[in-house]
């Protein structure tokens, strides 16, 4: 018992000093200061890093008025590298260099864990068209306007024309397919590995020249004038980046354009947060800025690279406000621990974007786009 108390006291002293280097005061008065409710939190942070931080929050061991600001400070101070990494996650990271966690079987896991939960949650949290990706807030005053602007921006970047055939890889709830078919008179094939999203998208796009399939992107073998992928590349995995680009290249006609919309990391290699991988997006990996050009080398010309990272902070804040404001109408499906998990997820991503640790990129790639100049769109 005495040894345990000494360890807790030691871990408390160490973590208090480390947090102070990030401008965080334990039980302080700033909105980003951590309020400790259980001293076990110090050992969780010191010995398990980001995984211990998230799990201890889910367990109610600590609280914070502005979790996103707290996370942003930890990231900016590089605190994760000052504590011991979780051994199981380190083993998985090493294993990921040899094992393909995003093969056909592994890819299905995120669909079941994250996207196939109760649709009530997404209806209450997202905009009316169910866009589950970053909005474009340049001239927008609401979430719905920002998401519509993102869809319009994407269509203009693809330079869509009536009669074109478009492949939407990871079509989500069908928002892009519906918008493009209605406003640009194109036909769309959308593929997803979430059965709930497929069913929802089929209903949303009923009566339009849109086909929604429950299908792995690797199994598509057709011809399209344009290809788009919004918020799906995060689930591809570094061992599959080249295969992914080869698949897009095979399906894209000469003179075609491909718009890749993805979250990416400022680190040198693909990265996955231990807590996010365990509770939110299993088998996910954020690409680095060097991995995308490497994967498409010899296949595509990189025409445009647009960073929308700041827009995701506003998008996540809108989702957070909607989710917490509507919690009483959806909590019958979940418990309080899920509530803390989901709000932590949204806050942690907000903090990561605020610290510029992760970004959102819209990358336009062309295939044999000869004798034409691609003019970027903003």
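Brief remarks on what is shown
- DSSP beta bridges in the chain [antiparallel fraction, %, rounded to 5]: 50 percent
- The alpha carbon convex hull volume per residue for the range 305-378 rounds to 131 Å³.
- The range 144-272 - Rg (one decimal) and Dmax (whole number), Cα, Å: 14.2, 45
- For the range 171-234, the gyration tensor built on C-alpha atoms gives an oblate shape. Its axis ratio a/c (a ≥ b ≥ c) is at least 1.5, and a/b is not larger than b/c.
- Cβ-based exposure ranking for 349, 339, 281, 176, in which fewest neighbours within 10 Å come first: 339, 281, 349, 176
- Compared with the dominant Cα axis of the chain, that is its longest principal axis, helix 67-76 is turned about 90°.
- Protection-proxy order for peptides 66-74, 216-224, 153-161, each taking the mean of Cβ atoms within 10 Å per residue, highest first: 66-74, 153-161, 216-224
- Rg over Rh, two decimals, the range 2-85 (C-alpha only, Kirkwood Rh): 0.93
- Computed on the Cα atoms alone, the convex hull of the range 130-211 gives a volume of 85 cubic angstrom per residue.
- The helix-only estimate of mean residue ellipticity at 222 nm for the chain, built from DSSP H runs of length n ≥ 4 each weighted as -39500 (n - 2.57), is -14000 deg cm²/dmol after division by the residue total.
- Ranked by the mean number of other Cβ atoms within 10 Å of their residues, highest first, the peptides 39-45, 58-64 fall in the order 39-45, 58-64.
- Degrees, to the nearest 10: 336-354 long Cα axis against longest axis of the chain: 70 degrees
- For the chain, Kirkwood radius (reciprocal of mean inverse C-alpha pair distance, Å): 21.8 Å
- To the nearest ten degrees, helix 143-158 and the longest principal axis of the Cα atoms of the chain are 50 degrees apart.
Computed from the coordinates by the stated procedures, all read-outs in this text should not be read as laboratory data. Here the structure is a predicted model, which means the values were calculated and not measured. Methodologically, a virtual Cβ is constructed for each residue, glycine included, from the backbone with ideal geometry; neighbour enumeration extends over all protein chains shown.
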